[in-house]
Amino acid sequence: MIALQVAAALVLAAAVLWAVLGPLFRPTAPASDPLDELVDPLETPKGRVLAALRELEFDRATGKLSQADYEQLTTKYSAEALRLQREEDASREAGSRPGRASGAPAGVLSCPTCGPRPEADAIFCSACGTRLSEPDGCPACAAALAPGARFCAECGAPAPASAPA
């Protein structure tokens, strides 16, 4: 009887020890990439300005802010929000490249035949094979061409006549 109790105690102790020390010996999950995390809109300058405008509206509605102060502050924050929106639009336009549809969101390429494509950095359409953008380098392998090169250093294909000089 005592041997059975000792065996049960050892099994229980082993289970507790495994539960406590097990995580130390198991491989840990890879840390999430901070770039994968979504940015809270209120942490951006534009988000803070828009939140301030909502707060002004609330303060005016509850009587905490006079009409003159409301108009002055609303004008100030509206101009700032407009400036930030124009900067955002300009940076989005600067980041666009040939082959991107004008109505497509940033990062979405559009094939002239098939429409928007799911591939972010594709050179050719995965459905029909049409080139999505003008080549930046060699027309055969898309490798970068040296200035003034007449042939591609990677595949030996002739460089286009408009190769970078």
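The values are calculated or read from the model by the stated rules, or taken from the named source; none is laboratory data. Nothing here was measured: the structure is a model prediction, and the numbers come from that model.
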Filter the stretch 58-83 for residues that are hydroxyl-bearing (Ser, Thr, Tyr) and not in a loop (DSSP other than H, G, I, E, B) and give the result.
Tyr70, Thr74, Thr75, Tyr77, Ser78
Considering each of Ala146, Ala81, Ala90 in turn, give the residue that is outside the structural domain of Ala52 (by TED's automatic domain parsing) and modelled with pLDDT of 70 or more.
Ala146
